[in-house]
């Protein structure tokens, strides 16, 4: 908690993130390179699904990250509403497009896998539908950010919307257990350990780490850009006020 | 406290009755959608009667969402929202009164008109009462989920389409159980009461969550 409060100073955050970012990018490149090498050349083709199993190595991390970024946004929403943490709405605004992209990647790769395996790009199955709803909620959040001009007011409005939309997250996670879906049930995070063979589990976990680092790096970069954008906005307003004052002083003379 | 509650309720009802543009327009819009569907699908009565409940529900959902962005916007513009915020009445109760008024002038007439419009889509006689019943208990959920969205967009000058975009994904459960309850009355393996009771639960939940969320959003907008 103390570190979170220290980070509330945007200048300190900018300094820390500038140090952190190259390391994260390097670790990301390493994890993605190793992960993709294992996924392409080492992991065996599935005896039933053949080479299409390799789509899973992108699909599953994208799905996890889409949920993770939404959960992060919900936490930031609480941070905005409860603690008025000055960086919480910056974090939330930066996370929305990244999460939306991962949700889209998850839906698209799922569709490409579904055509050869299920014989259709899309079914109205509980898991697929709830993921699509998540994408719609992401798009609604981005739309609300774009329509409200004042960032701090927009941040609070979006925080409320994000928290309302959070009901969807457990529905997505447990949809494969609650309903009889075409989508297979969870096979990594389950009671009694994963059911995937280690030759496929390891590439998946390494790629998941790589994609998480990619998402977090993009998030940091987007947060830095947003902080700069707000500084420019403040400076522009101050400059306009100064010119305004000068014009008012000049007028009577 | 209850006097202020009733005052807000009566004011909104009087505004809806005299100023126009509220409930009766939603009804006309409902009628228009129901009329448009057979033009798109073709006048096959067998098909229409099979998907009749779904058409009526989609029509009701859209008619409720279209006018919702005005729920708090007009109050924000003429300053009465500031008075409501400053009054002794908790903001949640004020939102409850406004949501209730919205439901009374749009949801209730839509539900009552649904059997009549069901004739246009060849809805069987046995399904008329269930469809009206599901709309009657389901539309409060739409009013109050929509109220949360309306509170978020109250201060927007160029809101327009943003409210349906925000609110529509959240209304999906209501739509699912409303249509499945109506369909189960037409026959099928599910008893009518199962989805119907879930629909009632969704409405009750939406009244609580929507009211609290809308009040929080209105407070934040100050």
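Key figures
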read-out	value
Nearest 10 degrees, 0 to 90: helix A:126-147 Cα axis against chain A principal axis	10 degrees
Chain B, relative contact order in percent, only Cα pairs under 8 angstrom and at least six apart counted	27 percent
0 to 90° range, to nearest 10: angle between helix B:108-118 axis and chain B longest Cα axis	20 degrees
Cα gyration tensor, the stretch A:1-75 - rounded (a/c under 1.5), prolate or oblate	oblate
Chain A: relative contact order as a whole-number percent, Cα under 8 Å and 6+ apart	30 percent
Computed Rg/Rh of the protein assembly as shown, alpha carbon atoms with Kirkwood Rh	1.03
Ranked packing of A:117-128, B:77-88, most packed first, by mean Cβ within 10 Å	A:117-128, B:77-88
Average beta-carbon neighbours from other chains, 10 Å sphere, peptide A:138-144	4
Distance in nm between pseudo-label sites at residue B:157 and residue A:238 (7 Å out along the Cβ direction from Cα)	2.7 nm
Cα gyration tensor, the stretch B:2-220 - rounded (a/c under 1.5), prolate or oblate	prolate
Length-normalised contact order of the stretch B:25-131 in % [C-alpha pairs under 8 Å, at least 6 apart]	46 percent
Neighbour-count ranking [beta-carbon atoms within 10 angstrom, fewest first] of A:41, B:177	A:41, B:177
Spatial separation of Cα centroids for the stretch A:138-187 and the stretch A:210-253, in angstrom	28 Å
Shape call, the stretch A:1-131: gyration tensor on alpha carbons, a/c limit 1.5	oblate
Ellipticity estimate at 222 nm from DSSP helix runs (n ≥ 4, -39,500 (n - 2.57)) divided over the protein assembly as shown, nearest 500	-26000 deg cm²/dmol
Centre separation in Å (Cα based) which lies between the stretch B:14-74 and the stretch A:106-126	33 Å
Between helix B:193-220 and chain B: long-axis angle, C-alpha atoms, 0 to 90°, nearest 10	20 degrees
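Here, each number is a calculation from the coordinates, and none is a lab measurement. All figures in this text were calculated on a predicted structure; none of them were measured in a lab. For neighbour counting, all protein chains shown are included, and Cβ atoms are generated from backbone atoms with ideal geometry for every residue, glycine included.
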